[in-house]
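Working notes, structure below.
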């Protein structure tokens, strides 16, 4: 079956598929949605980008002149070195801990059924279904009570609350699709639990773990609400520092805020591009199948 | 005792400690009003004051359309980009890119792009479609646009991963049996995709319902986009009335769970049966 699908099409067949593809109504709808989305997205990204490189900009199409001075100004003014360090530290810690806690839990949920499993699944579903601000307010209140809010630990703990369930819920279907007979076969051949985990399961799980980590990383760097509610002055991540920069405006120039926003977007973009080189988040499920059919 | 089950213990313990306990603490706190007046005083205060009560409708009016638009737009795009074709990676990256923008850049961009002197109004006036600039920022539309831009990538990624999770041989079987493309979509793919779509809608709705920074930055936080999260935040961390803040947070959670249960309940009424692997 797979061989039939994978067979390389001839030039003529390609031409026919292309014509057929443009004959589909779905293609036109998709092209329209994509075009509309992309034009507006370009506008939304273009304005701050142009502004951050511009000298003065009032009602013309583009700024009057070009300069890069706002980037240096923003770096010094908002002490971005410290902010970037905090952001990196928080996100790496959140990814590491959520994978360490989440993947074993996902394995247990995927492989075993037990009384009260639905309740446990609900427990993992709720932090994702409830908006962060809803549980963030009581959570921040509790963290303040234990003097953890305002510290890096508090920020990491708060960010773990949606991340652990996220890892569990993305990894559970992934693990379910791995044939349990592979593990059984390894055990039959005399592998101990340790080597089943290390040499059989882990290589199969790596694509899923990478995808889940990437998504958690992007979520954490971009997570505004929870960090905003629990961060103190020296535990702000970039996204929260940006928000405060806008709100405590006044003397701050619009351009240096835009420059900071562009820096945030650039760093997120780098993360995303790196991520997409290593793992295709859209193929969480099919990858496993491909590996099975093409050993 | 099955030792595999112990693997789930740290995750469960973590959530009990940092999710359930604070939630219960907040729920308890919401029944202990700061100024006295009985256990329900905070809730009575919220529902008696039209300015506070209205925040529920304002938030729903923003979140439901945003989630609907995102889901409906995600389906055709996901369908089109599920198979391999040249430039697929580039297009997928572009579609997912808004995740990287963050609320502040989106807000700054929307203020500039949709503003009275922004590129959109300039272009529309340039081609003679409108005489007066459209008012698109510092009101409802700015916030809705921000929600759609930030929410679409998530809806798209989820839909795509549900769609690629459907076994292609089912569609091939339908084609072999003579089903046309529309029939294959309606009778094979859509029922298999429905659970995924319901979950996608719920997650998009939840993302949009928690709108907070964009309502402040591109909206009209004292009027048209006075959303419930602004009120909860102000009560808890600006007026330091944690009890009222928790009460509003509980109202938020209740409204949101009601919508999610409604959607999932509706889904299971419409369709019962095996789902495509996930669901």
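Laboratory data are not the source of any read-out in this text; all were calculated from the coordinates shown. Computed from a predicted structure; not experimentally measured. Cβ atoms come from the backbone with ideal geometry, glycine included; neighbour counts cover every protein chain shown.
Here is how the numbers come out for the structure above:
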{"item": "Cα gyration tensor, the protein assembly as shown - rounded (a/c under 1.5), prolate or oblate", "result": "oblate"}
{"item": "Label point distance in nm, residue B:89-residue A:36, each placed 7 Å from Cα along Cα→Cβ", "result": "3.1 nm"}
{"item": "At R0 = 41 Å, FRET efficiency that the Cβ-Cβ distance of residue A:147 and residue A:64 yields, to 0.05", "result": "0.20"}
{"item": "Relative contact order %, the range B:48-270, counting alpha carbon pairs below 8 Å whose residues are six or more apart", "result": "30 percent"}
{"item": "Residue B:44 paired with residue B:175, simple spin-label distance in nm, labels 7 Å along Cα-to-beta-carbon", "result": "6.7 nm"}
{"item": "Average beta carbon contacts from partner chains per residue of A:104-110, 10 Å cutoff", "result": "5"}
{"item": "Inter-centroid distance (Cα atoms) of the range A:71-128 relative to the range B:28-60, Å", "result": "32 Å"}
{"item": "Label point at residue B:51 placed 7 Å out along Cα→Cβ; residues across the range B:204-222 whose backbone nitrogen lies under 12 Å", "result": "B:222"}
{"item": "The range A:29-57 and the range B:201-242: distance between their alpha carbon centers, rounded to Å", "result": "26 Å"}
{"item": "Paramagnetic reach from residue B:16 in the range A:124-155 [backbone N under 20 Å; point 7 Å along Cα→Cβ]", "result": "A:124-128, A:139, A:142-143"}
{"item": "Per-residue mean of C-beta atoms belonging to partner chains within 10 Å, peptide B:196-202", "result": "1"}
